[in-house]
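The values are calculated or read from the model by the stated rules, or taken from the named source; none is laboratory data. Here the structure is a predicted model, which means the values were calculated and not measured. Backbone-built Cβ (ideal geometry, glycine too); neighbour counts: all protein chains shown. Note: areas computed on protein heavy atoms with side chains; ligands, DNA, RNA excluded. Shrake-Rupley method; radii C 1.70, N 1.55, O 1.52, S 1.80 Å.
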Amino acid sequence: MPSPWIAERMFRIQASGIRKVFDLSKTLTDPINLSIGQPHYDVPEAVKEAAIQAIREGRNGYTVTQGIPELHARIRDKLLKPRRGAGIDPDQRGLLITSGTSGGLVLALLTTINPGEEVVIFDPYFVMYPHLVTLAGGVPVYVDTYPRFQIDIDRVKTVLTPRTKAILFNSPANPTGAVADRVAVKALAELAREKNLLLISDEIYRMFAYSGTFTSPLEFNEDVLVLEGFSKTHAMTGWRLGFAHGPKPIIEEMAKLQQFTFVCAPSPVQYAGLTACEFDTSEWTAEYARKRDRIVAGLRDHFDLAEPHGAFYLFPKAPWGTGTEFVSECIRNNLLVIPGNVFSQKDTHFRISYAADDRTIDRGIEVLVRLARRGPSAGD
Ligand code: PMP
(Lines give C-alpha, C1' and ligand atoms only; values in the text may rest on other atoms or scores of the structure.)
Protein backbone atom coordinates (compact mmCIF):
# COMPACT_ATOMS: atom_id res chain seq x y z
CA MET A 1 0.00 0.00 0.00
CA PRO A 2 2.69 2.53 -0.84
CA SER A 3 0.55 5.37 -2.27
CA PRO A 4 -1.25 6.41 0.96
CA TRP A 5 2.23 6.98 2.36
CA ILE A 6 2.95 9.65 -0.19
CA ALA A 7 2.67 13.16 1.23
CA GLU A 8 -0.04 15.49 -0.04
CA ARG A 9 2.48 18.02 -1.25
CA MET A 10 3.55 15.57 -3.95
CA PHE A 11 0.07 15.62 -5.48
CA ARG A 12 0.27 19.41 -5.80
CA ILE A 13 3.21 19.14 -8.21
CA GLN A 14 3.44 17.31 -11.54
CA ALA A 15 6.31 15.55 -13.26
CA SER A 16 7.99 17.75 -15.85
CA GLY A 17 6.45 17.59 -19.32
CA ILE A 18 10.00 17.72 -20.65
CA ARG A 19 10.62 14.22 -19.29
CA LYS A 20 7.66 12.96 -21.34
CA VAL A 21 9.29 14.30 -24.52
CA PHE A 22 12.62 12.72 -23.50
CA ASP A 23 10.85 9.37 -22.99
CA LEU A 24 9.18 9.70 -26.39
CA SER A 25 12.52 10.45 -28.00
CA LYS A 26 13.72 6.99 -27.03
CA THR A 27 11.03 5.44 -29.25
CA LEU A 28 12.15 7.37 -32.37
CA THR A 29 15.08 6.46 -34.59
CA ASP A 30 17.41 9.37 -35.24
CA PRO A 31 15.02 12.08 -34.00
CA ILE A 32 15.76 15.72 -34.74
CA ASN A 33 16.26 16.79 -31.18
CA LEU A 34 15.66 20.48 -30.47
CA SER A 35 14.28 19.85 -27.00
CA ILE A 36 17.34 19.78 -24.79
CA GLY A 37 18.30 22.63 -22.50
CA GLN A 38 22.00 21.94 -22.40
CA PRO A 39 24.90 22.98 -24.61
CA HIS A 40 25.76 20.65 -27.49
CA TYR A 41 29.47 20.96 -26.71
CA ASP A 42 31.28 19.03 -23.98
CA VAL A 43 32.97 20.19 -20.77
CA PRO A 44 36.31 21.94 -21.61
CA GLU A 45 39.23 19.47 -21.50
CA ALA A 46 41.10 21.50 -18.87
CA VAL A 47 38.07 21.36 -16.58
CA LYS A 48 37.71 17.61 -17.07
CA GLU A 49 41.40 17.16 -16.26
CA ALA A 50 41.01 19.24 -13.10
CA ALA A 51 38.13 17.00 -11.93
CA ILE A 52 40.10 13.83 -12.69
CA GLN A 53 43.12 15.20 -10.86
CA ALA A 54 41.00 16.13 -7.84
CA ILE A 55 39.58 12.60 -7.70
CA ARG A 56 43.09 11.09 -8.03
CA GLU A 57 44.42 13.37 -5.31
CA GLY A 58 41.75 12.06 -2.99
CA ARG A 59 39.60 15.16 -2.78
CA ASN A 60 36.62 12.87 -2.46
CA GLY A 61 35.27 13.58 0.98
CA TYR A 62 32.74 16.08 2.26
CA THR A 63 33.74 19.70 1.99
CA VAL A 64 32.59 22.48 4.28
CA THR A 65 28.92 23.18 3.56
CA GLN A 66 29.48 26.68 2.19
CA GLY A 67 32.00 25.38 -0.37
CA ILE A 68 35.79 25.25 -0.44
CA PRO A 69 37.47 28.59 0.39
CA GLU A 70 39.60 28.44 -2.79
CA LEU A 71 36.46 28.43 -4.94
CA HIS A 72 34.93 31.26 -2.90
CA ALA A 73 38.05 33.34 -3.54
CA ARG A 74 38.12 32.45 -7.24
CA ILE A 75 34.42 33.26 -7.78
CA ARG A 76 34.76 36.58 -5.95
CA ASP A 77 37.85 37.44 -7.97
CA LYS A 78 36.88 36.20 -11.44
CA LEU A 79 33.08 36.41 -11.52
CA LEU A 80 31.95 38.98 -8.96
CA LYS A 81 34.76 41.58 -9.13
CA PRO A 82 34.31 42.25 -12.86
CA ARG A 83 30.71 43.18 -11.99
CA ARG A 84 31.84 45.71 -9.39
CA GLY A 85 31.04 48.61 -11.71
CA ALA A 86 27.53 47.19 -11.99
CA GLY A 87 26.71 47.79 -8.35
CA ILE A 88 28.33 44.74 -6.79
CA ASP A 89 30.72 44.89 -3.88
CA PRO A 90 32.08 41.33 -3.89
CA ASP A 91 33.38 41.60 -0.35
CA GLN A 92 30.02 42.59 1.09
CA ARG A 93 27.99 39.75 -0.38
CA GLY A 94 27.37 36.41 1.22
CA LEU A 95 28.41 33.52 -1.06
CA LEU A 96 27.38 29.86 -1.02
CA ILE A 97 28.46 27.10 -3.40
CA THR A 98 25.37 25.06 -4.28
CA SER A 99 24.47 21.82 -6.04
CA GLY A 100 23.66 23.52 -9.32
CA THR A 101 21.42 26.52 -9.71
CA SER A 102 18.50 24.21 -8.89
CA GLY A 103 20.05 23.53 -5.49
CA GLY A 104 20.29 27.29 -4.96
CA LEU A 105 16.63 27.74 -5.93
CA VAL A 106 15.45 25.06 -3.49
CA LEU A 107 17.46 26.57 -0.64
CA ALA A 108 16.43 30.13 -1.49
CA LEU A 109 12.70 29.37 -1.49
CA LEU A 110 12.70 27.11 1.57
CA THR A 111 14.73 29.71 3.45
CA THR A 112 12.49 32.67 2.69
CA ILE A 113 8.89 31.61 1.95
CA ASN A 114 6.37 31.06 4.74
CA PRO A 115 3.20 29.02 4.12
CA GLY A 116 0.64 31.07 2.21
CA GLU A 117 3.08 33.76 1.08
CA GLU A 118 2.90 34.72 -2.57
CA VAL A 119 5.76 34.61 -5.04
CA VAL A 120 5.49 36.52 -8.30
CA ILE A 121 6.53 34.49 -11.35
CA PHE A 122 6.67 35.74 -14.93
CA ASP A 123 4.73 33.52 -17.34
CA PRO A 124 6.26 31.79 -19.36
CA TYR A 125 8.62 30.56 -16.63
CA PHE A 126 11.30 27.95 -16.00
CA VAL A 127 9.50 24.66 -15.18
CA MET A 128 10.76 24.38 -11.64
CA TYR A 129 9.57 27.75 -10.35
CA PRO A 130 5.88 27.08 -9.57
CA HIS A 131 6.63 23.63 -8.17
CA LEU A 132 9.38 24.80 -5.85
CA VAL A 133 7.24 27.67 -4.61
CA THR A 134 4.42 25.18 -3.91
CA LEU A 135 6.79 22.77 -2.14
CA ALA A 136 7.95 25.63 0.07
CA GLY A 137 4.28 26.20 1.00
CA GLY A 138 4.04 29.39 -1.02
CA VAL A 139 1.55 30.41 -3.69
CA PRO A 140 2.76 31.16 -7.23
CA VAL A 141 1.20 34.31 -8.68
CA TYR A 142 1.67 34.74 -12.41
CA VAL A 143 2.39 37.85 -14.44
CA ASP A 144 1.63 37.26 -18.11
CA THR A 145 4.41 38.50 -20.42
CA TYR A 146 2.92 37.40 -23.75
CA PRO A 147 3.41 38.22 -26.59
CA ARG A 148 6.85 39.97 -26.42
CA PHE A 149 7.97 38.39 -23.10
CA GLN A 150 9.14 41.69 -21.66
CA ILE A 151 8.30 42.85 -18.16
CA ASP A 152 5.50 45.34 -17.80
CA ILE A 153 5.99 46.88 -14.36
CA ASP A 154 2.36 48.02 -14.17
CA ARG A 155 1.23 44.42 -14.58
CA VAL A 156 3.56 43.45 -11.72
CA LYS A 157 2.05 46.15 -9.49
CA THR A 158 -1.46 44.85 -10.09
CA VAL A 159 -0.68 41.39 -8.67
CA LEU A 160 0.99 42.58 -5.45
CA THR A 161 -0.94 41.92 -2.23
CA PRO A 162 -0.03 42.15 1.46
CA ARG A 163 0.94 38.47 1.19
CA THR A 164 3.50 39.01 -1.61
CA LYS A 165 6.94 37.99 -0.34
CA ALA A 166 9.19 37.59 -3.33
CA ILE A 167 9.62 38.02 -7.07
CA LEU A 168 11.37 35.30 -9.05
CA PHE A 169 13.08 36.79 -12.08
CA ASN A 170 15.06 35.15 -14.90
CA SER A 171 16.94 36.93 -17.70
CA PRO A 172 18.10 35.76 -20.23
CA ALA A 173 15.06 33.56 -19.92
CA ASN A 174 14.14 29.94 -20.31
CA PRO A 175 11.94 29.19 -22.32
CA THR A 176 11.62 32.44 -24.31
CA GLY A 177 15.23 33.56 -24.84
CA ALA A 178 14.08 37.05 -23.86
CA VAL A 179 16.58 39.42 -22.27
CA ALA A 180 14.77 41.89 -20.03
CA ASP A 181 15.34 45.48 -21.07
CA ARG A 182 17.32 47.73 -18.78
CA VAL A 183 14.50 50.14 -17.98
CA ALA A 184 12.20 47.29 -16.88
CA VAL A 185 14.93 45.65 -14.78
CA LYS A 186 15.62 48.95 -13.02
CA ALA A 187 11.91 49.48 -12.37
CA LEU A 188 11.59 45.94 -11.00
CA ALA A 189 14.60 46.33 -8.71
CA GLU A 190 13.26 49.64 -7.41
CA LEU A 191 9.75 48.25 -6.93
CA ALA A 192 11.19 45.38 -4.87
CA ARG A 193 13.06 47.84 -2.68
CA GLU A 194 10.07 50.16 -2.28
CA LYS A 195 7.69 47.31 -1.35
CA ASN A 196 10.27 45.47 0.75
CA LEU A 197 10.10 42.34 -1.41
CA LEU A 198 12.86 39.81 -1.93
CA LEU A 199 13.96 39.79 -5.56
CA ILE A 200 15.52 36.48 -6.61
CA SER A 201 17.43 36.74 -9.89
CA ASP A 202 18.21 33.50 -11.72
CA GLU A 203 21.22 34.45 -13.84
CA ILE A 204 22.22 31.02 -15.11
CA TYR A 205 22.19 32.33 -18.73
CA ARG A 206 24.06 35.54 -17.91
CA MET A 207 26.88 34.73 -20.34
CA PHE A 208 24.40 34.00 -23.14
CA ALA A 209 23.14 37.51 -23.87
CA TYR A 210 23.73 38.33 -27.54
CA SER A 211 22.43 41.65 -28.73
CA GLY A 212 22.49 44.52 -26.28
CA THR A 213 23.81 44.06 -22.79
CA PHE A 214 22.56 41.92 -19.98
CA THR A 215 21.28 43.91 -17.02
CA SER A 216 21.13 42.45 -13.53
CA PRO A 217 18.66 43.94 -11.04
CA LEU A 218 21.60 43.85 -8.63
CA GLU A 219 22.87 47.02 -10.30
CA PHE A 220 19.96 48.88 -8.74
CA ASN A 221 19.34 46.99 -5.51
CA GLU A 222 22.12 45.33 -3.51
CA ASP A 223 19.62 43.13 -1.63
CA VAL A 224 18.88 41.03 -4.72
CA LEU A 225 19.59 37.33 -4.20
CA VAL A 226 21.41 36.03 -7.29
CA LEU A 227 21.63 32.41 -8.40
CA GLU A 228 24.24 31.36 -10.93
CA GLY A 229 25.71 28.11 -12.19
CA PHE A 230 28.25 26.36 -14.36
CA SER A 231 25.76 23.99 -16.06
CA LYS A 232 25.15 26.01 -19.19
CA THR A 233 28.33 28.07 -19.52
CA HIS A 234 30.64 25.07 -19.12
CA ALA A 235 28.28 22.26 -20.26
CA MET A 236 28.53 20.83 -16.73
CA THR A 237 24.81 20.02 -16.31
CA GLY A 238 25.51 16.61 -14.80
CA TRP A 239 28.20 17.86 -12.44
CA ARG A 240 25.89 19.96 -10.24
CA LEU A 241 27.80 23.13 -9.49
CA GLY A 242 26.27 26.53 -8.88
CA PHE A 243 26.52 29.43 -6.46
CA ALA A 244 24.28 31.91 -4.72
CA HIS A 245 25.26 35.41 -3.64
CA GLY A 246 23.18 37.86 -1.71
CA PRO A 247 22.50 39.47 1.65
CA LYS A 248 24.64 37.71 4.26
CA PRO A 249 21.77 36.76 6.65
CA ILE A 250 19.88 34.95 3.86
CA ILE A 251 23.00 33.19 2.58
CA GLU A 252 23.81 32.05 6.13
CA GLU A 253 20.35 30.50 6.51
CA MET A 254 20.67 28.83 3.11
CA ALA A 255 24.00 27.35 4.23
CA LYS A 256 22.34 26.05 7.40
CA LEU A 257 19.72 24.29 5.30
CA GLN A 258 22.31 22.97 2.84
CA GLN A 259 24.07 21.32 5.77
CA PHE A 260 20.96 19.20 6.40
CA THR A 261 20.01 18.55 2.76
CA PHE A 262 22.61 18.60 -0.01
CA VAL A 263 25.47 18.75 2.57
CA CYS A 264 27.85 20.22 -0.02
CA ALA A 265 28.33 20.50 -3.77
CA PRO A 266 30.34 17.51 -5.13
CA SER A 267 33.89 17.90 -3.90
CA PRO A 268 35.93 17.08 -7.05
CA VAL A 269 33.58 19.29 -9.06
CA GLN A 270 34.24 22.22 -6.73
CA TYR A 271 37.96 21.82 -7.42
CA ALA A 272 37.26 21.62 -11.16
CA GLY A 273 35.25 24.81 -10.71
CA LEU A 274 38.54 26.60 -9.96
CA THR A 275 39.64 25.87 -13.54
CA ALA A 276 36.17 26.57 -14.95
CA CYS A 277 36.33 30.11 -13.53
CA GLU A 278 39.51 30.70 -15.59
CA PHE A 279 38.03 29.37 -18.82
CA ASP A 280 36.97 31.88 -21.46
CA THR A 281 33.55 30.87 -22.80
CA SER A 282 33.14 33.82 -25.19
CA GLU A 283 33.76 31.68 -28.28
CA TRP A 284 30.79 29.50 -27.36
CA THR A 285 28.61 32.51 -26.72
CA ALA A 286 29.52 33.78 -30.19
CA GLU A 287 28.67 30.39 -31.67
CA TYR A 288 25.24 30.44 -30.04
CA ALA A 289 24.63 33.97 -31.33
CA ARG A 290 25.29 32.61 -34.85
CA LYS A 291 22.93 29.69 -34.26
CA ARG A 292 20.26 32.07 -33.01
CA ASP A 293 20.60 34.08 -36.25
CA ARG A 294 20.42 30.88 -38.31
CA ILE A 295 17.21 29.58 -36.78
CA VAL A 296 15.50 32.98 -36.58
CA ALA A 297 16.26 33.55 -40.29
CA GLY A 298 14.79 30.13 -41.12
CA LEU A 299 11.57 30.59 -39.13
CA ARG A 300 10.87 34.30 -39.12
CA ASP A 301 8.62 34.33 -42.20
CA HIS A 302 6.56 31.35 -41.07
CA PHE A 303 6.03 31.83 -37.34
CA ASP A 304 4.85 34.51 -34.98
CA LEU A 305 8.11 34.91 -33.13
CA ALA A 306 9.42 37.36 -30.52
CA GLU A 307 13.07 37.54 -31.52
CA PRO A 308 15.18 36.05 -28.72
CA HIS A 309 18.29 37.87 -27.48
CA GLY A 310 19.73 35.32 -25.10
CA ALA A 311 19.92 31.77 -23.66
CA PHE A 312 19.48 29.17 -26.45
CA TYR A 313 15.72 29.03 -26.82
CA LEU A 314 12.96 30.31 -29.09
CA PHE A 315 9.33 30.36 -28.07
CA PRO A 316 7.21 30.75 -31.22
CA LYS A 317 3.43 30.66 -31.35
CA ALA A 318 2.04 27.42 -32.74
CA PRO A 319 0.97 28.23 -36.33
CA TRP A 320 -2.21 26.20 -35.84
CA GLY A 321 -3.82 24.22 -33.01
CA THR A 322 -2.65 24.39 -29.42
CA GLY A 323 1.01 24.15 -28.49
CA THR A 324 0.45 20.52 -27.54
CA GLU A 325 -1.34 19.69 -30.82
CA PHE A 326 1.37 21.26 -32.93
CA VAL A 327 4.15 19.58 -30.94
CA SER A 328 2.41 16.20 -31.28
CA GLU A 329 2.51 16.67 -35.05
CA CYS A 330 6.21 17.66 -34.85
CA ILE A 331 6.93 14.46 -32.92
CA ARG A 332 5.01 12.41 -35.50
CA ASN A 333 7.44 13.99 -37.97
CA ASN A 334 10.46 12.96 -35.91
CA LEU A 335 11.11 16.43 -34.46
CA LEU A 336 11.37 16.90 -30.70
CA VAL A 337 10.34 20.26 -29.29
CA ILE A 338 8.45 21.08 -26.06
CA PRO A 339 4.84 22.27 -25.76
CA GLY A 340 4.44 25.69 -24.19
CA ASN A 341 2.11 24.53 -21.42
CA VAL A 342 5.12 22.91 -19.71
CA PHE A 343 6.34 26.48 -19.06
CA SER A 344 3.11 28.38 -18.90
CA GLN A 345 -0.50 28.58 -17.84
CA LYS A 346 -1.26 28.80 -21.59
CA ASP A 347 -0.90 26.22 -24.32
CA THR A 348 -0.36 28.42 -27.36
CA HIS A 349 3.39 28.29 -28.00
CA PHE A 350 6.26 25.78 -28.09
CA ARG A 351 9.92 25.82 -27.10
CA ILE A 352 12.78 25.17 -29.49
CA SER A 353 16.31 24.73 -28.16
CA TYR A 354 19.01 25.58 -30.69
CA ALA A 355 21.74 24.04 -28.54
CA ALA A 356 22.39 21.61 -31.38
CA ASP A 357 24.73 21.22 -34.35
CA ASP A 358 23.88 23.22 -37.47
CA ARG A 359 22.71 20.20 -39.44
CA THR A 360 20.16 19.32 -36.74
CA ILE A 361 19.00 22.94 -36.67
CA ASP A 362 18.55 22.94 -40.46
CA ARG A 363 16.63 19.65 -40.39
CA GLY A 364 14.41 21.10 -37.65
CA ILE A 365 13.74 24.27 -39.64
CA GLU A 366 12.72 22.17 -42.65
CA VAL A 367 10.14 20.18 -40.65
CA LEU A 368 8.77 23.24 -38.84
CA VAL A 369 8.32 25.25 -42.03
CA ARG A 370 6.68 22.30 -43.79
CA LEU A 371 4.22 21.76 -40.91
CA ALA A 372 3.45 25.47 -40.58
CA ARG A 373 2.64 25.71 -44.29
CA ARG A 374 0.65 22.50 -44.35
CA GLY A 375 -1.73 23.29 -41.50
CA PRO A 376 -3.36 20.62 -39.31
CA SER A 377 -3.64 17.18 -40.92
CA ALA A 378 -7.03 15.43 -41.14
CA GLY A 379 -7.97 14.01 -37.78
CA ASP A 380 -6.35 16.84 -35.75
N1 PMP B 1 17.33 28.09 -14.00
C2 PMP B 1 17.02 28.07 -15.32
C3 PMP B 1 16.32 29.24 -15.90
C4 PMP B 1 17.33 26.95 -16.10
O5 PMP B 1 17.00 26.93 -17.39
C6 PMP B 1 17.98 25.84 -15.49
C7 PMP B 1 18.32 24.59 -16.26
N8 PMP B 1 17.54 24.26 -17.31
C9 PMP B 1 18.27 25.92 -14.13
C10 PMP B 1 17.94 27.05 -13.42
C11 PMP B 1 18.91 24.77 -13.39
O12 PMP B 1 20.22 24.59 -13.78
P13 PMP B 1 21.27 23.74 -12.92
O14 PMP B 1 20.59 23.22 -11.72
O15 PMP B 1 21.73 22.66 -13.83
O16 PMP B 1 22.36 24.71 -12.58
(message) Whether any residue in the range 72-91 is outside the structural domain of Ala244 (by TED's automatic domain parsing), modelled with pLDDT under 95 and β-branched (Val, Ile, Thr) is what I want to check.
(response) no
(request) Starting from residues that are out of contact with any strand residue (DSSP E or B) (no Cβ under 7 Å at 6 or more places or on another chain) and assigned to a loop (DSSP other than H, G, I, E, B), keep the ones in the range 303-325 and report whichever is farthest from the ligand (Cβ to nearest atom). (result) Trp320
(request) Give Pro82, Pro140, Pro172 a once-over and let me know the one that is free of Cβ contacts under 8 Å to residues at least 60 places away in the same chain, surrounded by 17 or more Cβ atoms within 10 Å (Cβ to Cβ) and either outside any loop (DSSP other than H, G, I, E, B) or within 16 Å of the ligand (Cβ to nearest atom) (or both). (result) Pro140
(request) Go through the range 37-57 and count every residue that is away from the ligand (no atom under 16 Å from the Cβ), open to solvent by 50 Å² or more (accessible area, probe 1.4 Å) and of a type outside the set (Lys, Arg). (result) 7
(request) Please find, among Gly104, Gly177, the residue that is within 16 Å of the ligand (Cβ to nearest atom), under 15 Å from the mean Cα position of the chain (by Cα), open to solvent by less than 10 Å² (accessible area, probe 1.4 Å) and within 25 Å of Pro249 (Cα to Cα). (result) Gly104
(request) Please verify whether the range 148-162 includes one or more residues that are within 17 Å of the chain's Cα centre (by Cα) and away from the ligand (no atom under 16 Å from the Cβ). (result) yes
(message) Could you tell me how many of the residues in the range 143-158 are open to solvent by 30 Å² or more (accessible area, probe 1.4 Å) and of a type in the set (A, V, I, L, M, F, W, C)?
(response) 1
(message) Out of everything in the range 200-242 that is within 10 Å of the ligand (Cβ to nearest atom) and outside any loop (DSSP other than H, G, I, E, B), what residue ends up being nearest to the chain's Cα centre (by Cα)?
(response) Asp202
(request) Within the range 355-367, track down each residue that is in contact with a strand residue (DSSP E or B) (Cβ under 7 Å, 6 or more places away or on another chain) and within 17 Å of Asp304 (Cα to Cα). (result) Gly364, Val367
(request) Examine the range 116-137 for a residue that is open to solvent by 40 Å² or more (accessible area, probe 1.4 Å) and among the polar types (S, T, N, Q), and state whether such a residue exists. (result) no
(message) Gly238 - would you say it is closer than 27 Å to Ala173 by Cα and open to solvent by 60 Å² or more (accessible area, probe 1.4 Å)?
(response) yes
(message) Condition (residue is open to solvent by 40 Å² or more (accessible area, probe 1.4 Å) and under 24 Å from the mean Cα position of the chain (by Cα)) applied to the range 347-354: is it met by at least one residue?
(response) yes
(request) For Glu287, indicate whether it is part of a helix (DSSP H, G or I), outside the structural domain of Ile68 (by TED's automatic domain parsing) and away from the ligand (no atom under 15 Å from the Cβ). (result) yes
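Condition check ((1) outside any helix (DSSP H, G or I); (2) within 16 Å of the ligand (Cβ to nearest atom); (3) in contact with a Pro (Cβ under 7 Å, 6 or more places away or on another chain); (4) open to solvent by 50 Å² or more (accessible area, probe 1.4 Å)) across all residues:
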residue: Glu252; (1), (2), (3), (4): no, no, no, yes
residue: Gln258; (1), (2), (3), (4): no, yes, no, no
residue: Thr275; (1), (2), (3), (4): no, no, no, no
residue: Asp293; (1), (2), (3), (4): no, no, no, yes
residue: Val296; (1), (2), (3), (4): no, no, no, no
residue: Asp301; (1), (2), (3), (4): yes, no, no, yes
residue: Val327; (1), (2), (3), (4): no, no, yes, no
residue: Ile331; (1), (2), (3), (4): no, no, no, no
(request) Working carefully through the options Leu71, Leu34, Leu28, find the one that is within 16 Å of Ala276 (Cβ to Cβ) and open to solvent by less than 50 Å² (accessible area, probe 1.4 Å). (result) Leu71
